[in-house]
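Presented below is the structure to which this report refers.
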């Protein structure tokens with residue numbers, strides 16, 4: 001009997017842990033999926049926010065990041081956005097902002113239409129810095145479909161009215177980034193409940 005009770009308690013504990021991770025993910029997806037638009041249906045906004053997604057060997061954008069940049073390029077060419085805010089890591093040996101700028105300028109986007117946030121190291125920080133440092137209140141968020149619900153959730157929390165435009169036309173079920181979302185979404189809820197906005201955001205300067 002004691003062994004059976006222990007098994008039941010272990011099962012309930014496991015189900016509770018699974019629920020704590022799955023429920024926020026499901027709710028965020030249900031609430032923010034309607035805010036995901038196509039290139040054609042997206043409402044024009046002053047700014048397109050492009051989230052970093054790592055670099056390939058040689059400092060070129062990773063395949064995921066290249067998809068985001070191509071979607072941002074299409075939005076800019078279609079007149080859906082006037083400028084692009086590029087957010088990501090910018091270190092001596094891993095400069096996402098520089099790679100993103102180079103990619104877009106080579107495709108014909110003028111430098112004046114590009115703004116870089118070299119300290120947008122997480123989706124939470126990127127959204128808060130976009131609002132407090134760059135004055136973004138309306139934006140189109142550019143990232144893959146699996147990332148968009150969380151990005152839209154955090155943008156709304158930061159006070160940004162946003163729609164999402166999914167980059168790439170195929171699922172990425174083999175990508176570690178997709179599976180990481182199952183952990184990232186409940187952590188995003190925890191961030192909203194416990195973290196304060198980046199204190200130094202208003203004092204830090206964007207990249208030139």
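The values are calculated or read from the model by the stated rules, or taken from the named source; none is laboratory data. All figures in this text were calculated on a predicted structure; none of them were measured in a lab. Because the Cβ atoms are built from the backbone with ideal geometry, glycine has one as well, and the counts that use them run over all protein chains shown.
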Hits in the stretch 111-122 - residues which are out of contact with any helix residue (DSSP H, G or I) (no Cβ under 9 Å at 6 or more places or on another chain) and in a loop (DSSP other than H, G, I, E, B): 121
Residue tally, condition part of a loop (DSSP other than H, G, I, E, B), surrounded by fewer than 20 Cβ atoms within 10 Å (Cβ to Cβ) and modelled with pLDDT under 95, over the stretch 48-104: 11
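Which members of the stretch 123-147 meet the condition of being in a loop (DSSP other than H, G, I, E, B) and either touching a strand residue (DSSP E or B) at 6+ places or on another chain (Cβ under 8 Å) or surrounded by 18 or more Cβ atoms within 10 Å (Cβ to Cβ) (or both)? Can you show your working first?
Within the stretch 123-147, the first condition is being in a loop (DSSP other than H, G, I, E, B), and the residues that meet it are 133-137, 144-147.
Of everything in the stretch 123-147, those that are in a loop (DSSP other than H, G, I, E, B) and either touching a strand residue (DSSP E or B) at 6+ places or on another chain (Cβ under 8 Å) or surrounded by 18 or more Cβ atoms within 10 Å (Cβ to Cβ) (or both) turn out to be 133, 134, 136, 137, 144, 145, 146, 147.
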Failed item in (1) at pLDDT below 85; (2) in contact with a strand residue (DSSP E or B) (Cβ under 9 Å, 6 or more places away or on another chain); (3) surrounded by 11 or more Cβ atoms within 10 Å (Cβ to Cβ), with residue 156 passing the rest: (1)
Hits in the stretch 32-78 - residues which are without any contact (Cβ under 8 Å) to a residue 24 or more places away in the chain and under 23 Å from residue 157 (Cα atoms): 34
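Select from the stretch 176-208 the residues that are modelled with pLDDT of 65 or more and either outside any helix (DSSP H, G or I) or in contact with a strand residue (DSSP E or B) (Cβ under 9 Å, 6 or more places away or on another chain) (or both) and write down the one among them that is surrounded by the most Cβ atoms within 10 Å (Cβ to Cβ). Steps first, please.
As a first pass, look at the stretch 176-208 and keep what is modelled with pLDDT of 65 or more: 176-198.
Subsequent filtering for residues that are either outside any helix (DSSP H, G or I) or in contact with a strand residue (DSSP E or B) (Cβ under 9 Å, 6 or more places away or on another chain) (or both) retains 195-198.
Numbers: 195: 12, 196: 7, 197: 17, 198: 20.
The residue in question is 198.
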